[in-house]
Amino acid sequence: MTPGPADLVMSKRGFIAQLPEQGEPEIGQELIRIRYDDGRCEELRLHDYARVYSFPGLYEQIVRDRLECCSPEQIASMLAQAVDEIGWDRAQVRVIDLAAGNGMSGEALVKRGLKPVLGTDIVAAARDAALRDRPNVYGAYETLDLLALTPEQTTAIAACDVNAVSCVAPVGNAADQLPPSALIAVIRLLAPDALIAYMHDPTFGVPDPITPDLLGEQLGDGVRTRQLERRRYVHRRTVGGQPYEMDGVILRVTRA
């Protein structure tokens, strides 16, 4: 089997991954074709996370290398900059990494001297991939439904003494987005002074649901929310090469 110019060659993995010609599919529905050395062929979609994560290196080569996704680095960089600007010591920042996937976001945090004490994702295969590919990035990695935390899980998160959140996934009410209520559930468990780094997808003109008023309403009296930065950037390219933008957002949430 000889790879073509559009193939992603997975060295010594026993297969070749392809992004075939497909126009401009809906985000997350991009077609990936896997051609095995023994002649078998399998097709899957980009957001079929459980299956994509089962191939070591596949997500990185498609999303980071081919589609030029920079969000793990972008959000980590914005968070680190905010830490510096408010005078914190990066070594003392304890981050919970939401929608952590296979650990690319946690790896970006570590590169900037931040400590991801806990990675979480609702997809069980994400934890398997992170522990397989980046075993030394997280203090712990748990498969969690943030909207249905057990008392034991809530206690465990609070015990991590987290003072920062990283979420390299858009927060919103659409499919494949992290629900705002899930982010708020985590914010409730943070230290009294904490930084929140997350993404908002402006593509369809829907306002960012995480507003200071909403947080004040949900978190109660004595909570102050301040936006430190909002930056629009090219999250990645589409299959057809078009820019797909996100807003990176940094909030500071303090409790009296």
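Looking only at residues in segment 90-146 that are in contact with a Leu (Cβ under 8 Å, 6 or more places away or on another chain) and among the charged types (D, E, K, R), the one that is farthest from Arg188 (Cα to Cα) is Arg112. Exactly one residue out of Ile196, Ile157 is surrounded by 13 or more Cβ atoms within 10 Å (Cβ to Cβ), modelled with pLDDT of 95 or more and within 22 Å of Asn102 (Cβ to Cβ), and it is Ile157.
Candidates are the residues of segment 198-222 that are assigned to a loop (DSSP other than H, G, I, E, B) and of a type in the set (Gly, Ala, Ser); the one that is farthest from the chain's Cα centre (by Cα) is Gly222.
The listed residues are Ala148, Ala129, Ala159, and the only one of them that is in the same structural domain as Leu251 (by TED's automatic domain parsing) and in contact (Cβ under 8 Å) with a residue 24 or more places away in the chain turns out to be Ala129. Can you find a residue that is in contact with a Ser or Thr (Cβ under 6 Å, 6 or more places away or on another chain), modelled with pLDDT of 95 or more, assigned to a loop (DSSP other than H, G, I, E, B) and crowded, with 17+ Cβ neighbours inside 10 Å anywhere in segment 143-151? Yes, there is a match, as at least one residue in segment 143-151 is in contact with a Ser or Thr (Cβ under 6 Å, 6 or more places away or on another chain), modelled with pLDDT of 95 or more, assigned to a loop (DSSP other than H, G, I, E, B) and crowded, with 17+ Cβ neighbours inside 10 Å. Scanning segment 173-228 for residues that are touching a helix residue (DSSP H, G or I) at 6+ places or on another chain (Cβ under 6 Å), of a type outside the set (A, V, I, L, M) and in contact (Cβ under 8 Å) with a residue 60 or more places away in the chain returns no hits.
For segment 172-197, a residue qualifies if it is hydrophobic (A, V, I, L, M, F, W, C) and outside any loop (DSSP other than H, G, I, E, B), and the qualifying residues are Leu178, Ala182, Leu183, Ile184, Ala185, Val186, Ile187, Ala194, Leu195, Ile196, Ala197. If you go through segment 99-124 and keep only what is crowded, with 18+ Cβ neighbours inside 10 Å, in a loop (DSSP other than H, G, I, E, B) and not hydrophobic (A, V, I, L, M, F, W, C), you end up with Gly101, Asn102, Gly103. Checked against the criterion of being farther than 20 Å from Ala99 by Cα and in contact with a Cys (Cβ under 9 Å, 6 or more places away or on another chain), segment 235-252 contains one or more residues that satisfy it. The set of residues from segment 227-246 being touching an Asp or Glu at 6+ places or on another chain (Cβ under 8 Å), loosely packed, with under 14 Cβ neighbours inside 10 Å and not in a strand (DSSP E or B) comprises Gly240, Gln242. For segment 235-244, filtered to residues that are more than 15 Å from the chain's Cα centre (by Cα) and in contact (Cβ under 8 Å) with a residue 24 or more places away in the chain, the residue that is nearest to Ser166 (Cα to Cα) is Tyr244.
The values are calculated or read from the model by the stated rules, or taken from the named source; none is laboratory data. All of these numbers come straight from a predicted model, not from anything done at the bench. Cβ coordinates were reconstructed from backbone atoms using ideal geometry, including for glycine residues, and neighbour counts include every protein chain displayed.
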